[in-house]
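Encoded as structure tokens, the structure appears first; notes follow it.
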Amino acid sequence: MRGGDDGNEDGGGTALLDARDVHVLRDGRALLRDVSLTVRPGEHWALLGANGAGKTTLLSLLGARVHPTHGTVEVLGRRLGTVDLRELRSLIGHVDPRHPLRSALRVRDVVLTGLTNSVEPQPRWAPTPEQKERAERLMGTLGLAGRREARWTTLSQGERGRVLIARALMPEPRLLLLDEPATGLDLPGREQLIEALDALREEHPGLATVLVTHHLEELPPGTTHALLLREGCELARGPVGAVLTDDQVGKCFDLPLVLGRHGGRWSVRVARRR
Ligand SMILES: Nc1ncnc2c1ncn2[C@@H]1O[C@H](COP(=O)(O)OP(=O)(O)OP(=O)(O)O)[C@@H](O)[C@H]1O
């Protein structure tokens, strides 16, 4: 599916992200080929594909971490290659599960480092009362109110993930990128994360998100659009109802699949061979 034919490109609202005909080549190999994606305020995209399909590579482009080899990427109206990537990055919430914090900071202080865009608190920097209040609100939305004084080193993986989402949201980004946020979570951890993401979407209706995952079960009910990647190419892109079909998701993972949807959540199983 190409730009303009998915019912998304000409919709209302200014695009927060606009990637067109993007290719990424590394060591002579195409990691992405001819991929396009437009994300508007209030849209919540799922980026799905098997291991090695190119999901993280695409998220790195959208997060202004790398340049495309061919094609164009506009983030918040600014084209990669013509502006300082660091400045652009500060406008995007990028939740990286490999956050390199090693010290025993308290949850509330980790959340506040989102404002200085640093791993550790900056010396001589102090938050304003409004910033502290925002941190409290976000911790509440993400189910961390009771853990605000807990130390980073003692947190469960699920708690860490939710702290990093609150941290990424501190500078009030219009765009939040999430790379496999449910990886390694147990069932309660995954469900808390999904609930928190949906609460976030309701509280911030203008926020757009792009979430990378292998698993349809991890998609929050508020997911509006999906892009399926296979071997660096896009298989389908558009509203979830049109994209998440047995046939298309089956091609994406190279398996005969049967999808289900209950209470807004997706399930998937391999179709029985006759
Ligand atoms: N810097 C690089 N140089 C060469 N190849 C790379 C580089 N980064 C990633 N790759 C390769 O590009 C392909 C796509 O990688 P990417 O991490 O984007 O996939 P993915 O869909 O996120 O995979 P996974 O689900 O396993 O995380 C993989 O085959 C990977 O080995």
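The values are calculated or read from the model by the stated rules, or taken from the named source; none is laboratory data. Here the structure is a predicted model, which is why all the values come from computation and not from measurement. FYI the Cβ positions are ideal-geometry reconstructions off the backbone, even for glycines, and counts take in every protein chain you see.
Search segment 50-63 for residues being crowded, with 22+ Cβ neighbours inside 10 Å and either more than 8 Å from the ligand (Cβ to nearest atom) or at positive phi (or both), and hand back the single one that is modelled with the highest pLDDT. Out of the qualifying residues, it is GLY54. Checking each residue in segment 239-267 for being surrounded by fewer than 18 Cβ atoms within 10 Å (Cβ to Cβ), in contact (Cβ under 8 Å) with a residue 24 or more places away in the chain, in contact with a strand residue (DSSP E or B) (Cβ under 9 Å, 6 or more places away or on another chain) and outside any helix (DSSP H, G or I) picks out PRO239, ASP254, LEU259, SER267. Please identify the pairs in which a residue from segment 27-39 that is β-branched (Val, Ile, Thr) has its Cβ atom under 7 Å from the Cβ atom of a residue that is near the ligand (Cβ under 8 Å from one of its atoms), counting only partners at least 6 apart or on another chain. From segment 27-39, the pairs are VAL35/LEU58. Taking the conditions (1) within 16 Å of THR209 (Cα to Cα); (2) within 15 Å of the ligand (Cβ to nearest atom); (3) not small (Gly, Ala, Ser) in turn, HIS67 satisfies each one other than (1).
Taking the criterion of being touching a Gly at 6+ places or on another chain (Cβ under 9 Å) and either among the acidic types (Asp, Glu) or part of a helix (DSSP H, G or I) (or both), the residues of segment 201-233 that qualify are ARG201, GLU202, GLU231.
Cβ-Cβ distances below 6 Å connect the following pairs, each with a first residue in segment 188-214 that is in contact (Cβ under 8 Å) with a residue 24 or more places away in the chain and closer than 14 Å to TRP266 by Cβ, a second residue that is part of a strand (DSSP E or B) and of a type in the set (Gly, Ala, Ser), and a separation of six or more residues or different chains: LEU211/ALA46. Beta carbons closer than 7 Å, at least 6 apart along the sequence or on distinct chains, pair a first residue in segment 48-72 that is farther than 21 Å from GLN248 by Cβ with a second that is more than 10 Å from the ligand (Cβ to nearest atom) and in a loop (DSSP other than H, G, I, E, B) for LEU61/PRO68; HIS67/GLY81. Of everything in segment 131-158 that's touching a helix residue (DSSP H, G or I) at 6+ places or on another chain (Cβ under 7 Å) and within 16 Å of ALA199 (Cα to Cα), which residue is modelled with the highest pLDDT? Checked segment 131-158; the qualifying residue modelled with the highest pLDDT is ALA135. State whether the residues of segment 96-104 include one that is within 16 Å of the ligand (Cβ to nearest atom), at pLDDT below 90 and in contact with a Leu (Cβ under 9 Å, 6 or more places away or on another chain). Yes: one or more hits.
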